[in-house]
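Everything below concerns the one structure shown next.
The values are calculated or read from the model by the stated rules, or taken from the named source; none is laboratory data. Fair warning: this is a prediction, and the values are worked out from it, not measured in the lab. FYI the Cβ positions are ideal-geometry reconstructions off the backbone, even for glycines, and counts take in every protein chain you see. Remember, those area values only see protein heavy atoms, side chains included, never the ligands or the DNA or RNA. Shrake-Rupley method; radii C 1.70, N 1.55, O 1.52, S 1.80 Å.
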Amino acid sequence: MRGYFRRLVAASVDRAGIGTGLRWKLSAAIALVGALVAIALSLVVHNAARVSMLDNARDLADERILIAQRNYELSGRLNFPNTRIDDPELPGELREKVEGGRRATYVADRPGGTPDIWAAVPLKNGHVMSLHSGFTDRSSNILKDLDQALVIGSIAVVLGGSALGVLIGGHLSRRLRKAATAANRVAKGETDVRVREAIGGVVRDETDDLASAVDAMADALRQRLEAERRVTADIAHELRTPVTGLLTAAELLPPGRPTELVLDRAKAMRTLVEDVLEVARLDGASERAELQDILLGQFVARRVRAKDPDVTVRVVHESEVTTDPRRLERVLFNLLANAARHGRPPIEVTVEGRVIRVRDHGPGFPEALLAEGPSRFRTGSADRAGQGHGLGLTIAAGQARVLGARLTFRNVRPAGASDDVPAEGAVAVLWLPEHAPTNTGSHPVLAQ
């Protein structure tokens, strides 16, 4: 149930999009949008300023050509700078408008980019007076200064937007990481953790909605799992009495092969009921270790030899540990039973300091167990299936949590071999804690 709960919470967090680099992605997005807006505004401002300056220059040229026309008609000679009569360089479009009897101005672009300003007016004698001037240096300098200011402003907008994106993204990223951390703690069985409280903060945003949703999901799932655990425990408890009566009745049957079969199945059913009850107690997280100081190597060697003399025990380094001998024995015997049932001899137990290794030489653990850890009522792949109910390793993992220990599983393959190469055996490793456990489940069960 815990593994199922952990996977659901992890999936909900993954769907929320929590990942690395959120602040940089947000910063890049804001910087990109800021750059596009700055470029667009710069182009609009530049063009508007240029058009305004050209309009002013054309108005000035128009005023000058009027003054030059009056002076010419009064004096009969050109006395205004840059004016000509029938200038051959007069643009054709401007000439057509003037020959139609209209006064007009015209802007012509030079190859270098600096515009020419033309103004022309028809004279009474049929000739055309024109005035030719360029874009003034002062106007050009103003336009260049404006462009420089726009570039500097655009860079400042991009940098400021990037900094703002880093700040906003960092704040959001921290809240999401806090939410992910709290969700993982909930998935590990810490029932008093609330994601909404873990992220904190004054500002309310979508992360609060996410945290509230995860909390609601966790509460609902916790209630469902607790209800299932109670139902399982109640069923197993109710089955204990009739199964015991069945076993007692079977023992009264006359000797023979049928009686042996009935007794064997009745004992198997009683063992199953007891295992289900134990799993239900472990799921309830109410179990506490009764601690004692023991010599680990001596304890393991004595218990294993009493259980199965054919198992090889090797103590590499003796160590004194504080643990619950009864629960440690339960874990050890379940690992040995799993190796005997699903593996092949020889079975070897190695004690090195606080680490116990149980190895067989069978086909190895199934990939599902290596990836997800033990699962009840699942006995593995076809070559390891057909016996048991998948509760042995589940109970071993649960008892290891009560001891504050870490239980890992792996397959043995030749050095450098890929995962496609058949395993040469399975190894279960129990890592006892350096300090005595203070609460149940203080160390999670890991699979590697």
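Table for the structure above
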| item | result |
| --- | --- |
| Amide hydrogen neighbours beyond the local backbone of Ile347, cut-off 5 Å, H modeled | Thr312 |
| Under 19 Å from Lys97, Cα to Cα: lysines that are on another chain or at least 8 residues apart | Lys124 |
| Candidate lysines for bridging to Lys25, where Cα separation is under 30 Å - those fewer than 8 sequence places away on the same chain excluded | Lys178 |
| Ranking by accessible area, most exposed first, for Arg302, Arg401 with a 1.4 Å probe | Arg302, Arg401 |
| Sites Val316 and Lys267, calculated FRET efficiency, Cβ-Cβ separation with R0 22 Å, nearest 0.05 | 0.05 |
| Val37 paired with Arg413, simple spin-label distance in nm, labels 7 Å along Cα-to-beta-carbon | 5.4 nm |
| Fully extended contour minus Cα-Cα distance, from Asp420 to Asp209, at 0.36 nm per residue | 71.5 nm |
| Those lysines that a straight Cα-Cα span of less than 28 Å connects to Lys307, excepting residues fewer than 8 apart in one chain | Lys267 |
| Accessible-area value, His127, 1.4 Å probe, nucleic acids and ligands omitted, Å² | 80 Å² |
| Two-site label geometry, Arg84 and Glu352: point separation in nm, points 7 Å out along Cα→Cβ | 10.0 nm |
| In Hz, Karplus ³J(HN,Hα) per residue of the stretch 66-81 (6.51, -1.76, 1.60; θ = phi - 60°; x = Gly, Pro) | 5, 4, 4, 5, 5, 4, 5, 5, 7, 9, x, 9, 7, 10, 10, x |
| Computed accessible area, Tyr106, all protein chains, 1.4 angstrom probe, square angstrom | 60 Å² |
| For Thr350, net neighbour charge (Lys/Arg +1, Asp/Glu -1) across residues whose Cβ lies under 12 Å away | +1 |
| Two-site FRET efficiency, Ile152 against Leu172, from Cβ-Cβ distance with R₀ of 35 Å, rounded to 0.05 | 0.70 |
| Förster radius 30 Å - calculated FRET efficiency between Ala28 and Thr114, Cβ distance, rounded to 0.05 | 0.20 |
| Per-residue SASA entry for Val316, accessible area with 1.4 Å probe, Å² rounded to 10 | 70 Å² |
| Accessible area (Å², per residue) of the stretch 20-164, counting only protein heavy atoms and a probe of 1.4 Å | 62 Å² |
| Per residue, the convex hull volume that the Cα atoms of the stretch 20-164 enclose (Å³) | 117 Å³ |
